[in-house]
Amino acid sequence: MNKIVFVGSGAIATALGNVLARKGIYDVTLLSIEEEVVESINNQRLNAVYFPNVKLSRYLKATTDINILRDAEIIFMAIPSTAVVDYLCEKKDYINPDTIIVNLAKGFGKNYRLIPDCLVEILPNPLMMMKGPSFAREIINRQETGFTLASHFNDNFTAVDELFENTNVRFDFSNDVNGVEYSSILKNIYAIIIGMLDANFDSANMRSLIITKAINEMRNLIISFGGKETTMFNYCGFGDFSLTALNDMSRNRTLGLLIGKGFFNSGISEKVVLEGRIAVDVFYQKLNDNNINLDKYPLMSELYHVFNDADYQTNKFIKNILTKIK
């Protein structure tokens, strides 16, 4: 694998692209629609929008030319989850069927389906999912970072693993593609809940109590939708949840903190479109559609009411949860 393309030029694409380019042995290009970013990377070795103070590898390139996809041996998808499926559907004629496609996006795809379920219907390519506790700023600053690589076929793991050999990025592996996808979405829901808790209570005991219940709900939801229990113990599971729930760089935790502090008193669903907010409604509907008892998921169910009940009193959220869990 020599010719590597990242679709997208945001934080995660730039950070991982820079990790690989720094090795000096790969042809690494960010494919972007942002001309300002392309110009700053190629001329100043800076991503002026996302990392204006970080000098990038001289081997990292950027382009707006879609034809770069034709020669790519591996493509990393680093655009919003809702755009991945449509993008690959529109650009599939540019992509060699042997090219490995690695999806980095965390979230539902088109019509709230899992991204790999959509992609297998439109592409013959080898597909992999790469999910884990990964703040881009720490990756680009060479902090050790773990990802879960997910694929139905073990043969696909070696190529990506070898790309990142001797870097600050390391992997565990899973054939539970759906479980890995679900875990990367669910952690956003429960990060909001931990944020709401921490906004009102400085209690290590209570935080540990709610975290334990959150992990159990995530595990049971993954199993209910065909995933494996062990996936919760991969980087994509407990690792990504702990990062997202307990660090203030997390957008979904921050949303929880803001709600808990009373910044949203009404109309939350109309004002907030973060992944976790959307995922709550999707999972709530999935549970209803599959006749799964919502009483088994008191944390997520209560958060659904926060977002959907116009007169919900957010200052009573934690008390309401505590009356429902054992």
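The values are calculated or read from the model by the stated rules, or taken from the named source; none is laboratory data. Not measured: the values here are computed from a predicted model. Neighbour counts run over all protein chains shown; Cβ positions are idealised from the backbone, glycine included. We work out accessible area using only protein heavy atoms, side chains counted, and drop any ligands, DNA or RNA first. Shrake-Rupley method; radii C 1.70, N 1.55, O 1.52, S 1.80 Å.
Things to note:
- Taking the Kirkwood radius as Rh and the Cα radius of gyration as Rg, the stretch 82-212 has a ratio of Rg/Rh equal to 1.04.
- Formal net charge of residues neighbouring ILE318 (Cβ-Cβ distance under 14 Å; K, R +1; D, E -1): +3
- Summed residue charge, Cβ within 11 Å of GLY276's Cβ, Lys/Arg positive, Asp/Glu negative: +3
- Cβ charges +1 (Lys, Arg) and -1 (Asp, Glu), total dipole of the chain, debye: 900 debye
- Peptide packing for 10-19, 184-193 was compared via the average number of neighbouring C-beta atoms within 10 Å per residue; ordered from the highest value, the list is 184-193, 10-19.
- For the chain, the longest principal axis of the alpha carbon atoms and the long axis of helix 275-289 meet at an angle near 60°.
- Accessible area of the chain belonging to carbon and sulfur atoms, whole % at 1.4 Å probe: 46 percent
- Directionally averaged shadow of the stretch 193-326, computed from the convex hull of its alpha-carbon atoms, nm²: 7.9 nm²
- Degrees separating the helix 177-200 axis from the principal Cα axis of the chain, which is the longest one: 50 degrees
- Mean shadow area of the chain over all directions, Cα convex hull, nm²: 16.4 nm²
- For the stretch 1-153, the share of alpha carbon pairs falling in successive 10 Å distance bins from zero is 11, 43, 36, 9, 0 percent.
- Charged-residue dipole, Cβ positions (Lys, Arg, Asp, Glu), the stretch 105-253 about Cα centre, Debye nearest 20: 460 debye
- Candidates per trypsin sites (Lys or Arg not before Pro) in the stretch 6-68, loop by DSSP, up to 10 other Cβ within 10 Å: LYS55, ARG58
- Per residue, the accessible area of the stretch 1-131 comes to 43 Å², computed with a 1.4 Å probe over protein heavy atoms only.
- Mean accessible surface per residue for the stretch 201-326, computed with a 1.4 Å probe while every protein chain stays in place, in Å²: 52 Å²
- Principal-axis tilt of helix 11-21 within the chain, Cα atoms, nearest 10 degrees: 40 degrees
- Share of pairwise Cα-Cα distances greater than 12 Å in the stretch 112-157 is 68 percent (whole percent).
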